Amino acid sequence: MSLLYYVNVSLHVLAAVVWIGGMLFLGAVGAPALRAVEPPALRQELFRALGIRFRGIGWGAIVLLVATGIVNLHYRGWLHWEGVFGSAAFWRTVTGHALAVKLVAVTAMIGVSAAHDFWLGPAAVRTAPGTSEAMRLRRRAALIARANALLGVVVVLAAIVLTRGG
């Protein structure tokens, strides 16, 4: 393989580390630490600031992941309809299953991230701190953030099968 392939794969892996690692950090360290902050208005402002700060980095990583992922498909010879995407036989292989799982999980992660970052998170910030509505929205945001992190683990496992074979 060429040097450009290794550069592309390296960028893909680094972007995945930033996106998935950032979500895991926020869920395992950031959110639990912020839950202890009082008063509720300060806690809400810190959640907002942290979310906005990571949003740009996270979505930059997503764009880089999609772009380098497409290039990776090209380098692997999978970016064509004949014999790969249009082939039922390809999708029945271990590689085809792993690629399908990864593509579905990535698509789901992007959708869940968009819902969290552009709908649920902003709705939680607009509610009065400490109210039952704010608590309900924060719990819902935490739930979908955990689901997204779990999808990230699925993506990583599928990527391992793709690179190491089945």
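Things to note:
- Largest mean-square fluctuation among Ala15, Ala61, Ala114, in a Gaussian network model of the chain whose springs join Cα atoms under 10 Å apart, belongs to Ala114.
- Protein accessible area in the range 49-114, 1.4 Å probe - carbon and sulfur %: 73 percent
- Enclosing the Cα atoms of the chain in their convex hull gives a volume equal to 112 cubic angstrom per residue.
- Mean separation of Cα contacts under 8 Å, 6 or more apart, over the residue count of the range 1-158: relative contact order %: 29 percent
- Screening the chain for DSSP H helices whose Cα atoms reach 20 Å or more along their own axis and whose mean Kyte hydropathy is at least 1.6 gives 3-25, 94-115.
- Heavy atoms of the protein chains alone define the surface here; on that basis the chain has 58 Å² accessible area per residue at 1.4 Å probe size.
- The chain, dipole about Cα centre (Lys/Arg Cβ +1, Asp/Glu Cβ -1), debye to the nearest 20: 340 debye
- Only helices enter this figure: runs of n ≥ 4 DSSP H residues, each worth -39500 (n - 2.57), summed and divided by the residues of the chain, yield -26500 deg cm²/dmol at 222 nm to the nearest 500.
The values are calculated or read from the model by the stated rules, or taken from the named source; none is laboratory data. In this text the structure is predicted, and so the values were computed from the model without any measurement. Using ideal geometry, Cβ is built from the backbone for each residue, glycine included, and neighbour counts are taken over all protein chains shown. Ligands, DNA and RNA are excluded from the accessible area calculation, which covers all protein heavy atoms including side chains. Shrake-Rupley method; radii C 1.70, N 1.55, O 1.52, S 1.80 Å.
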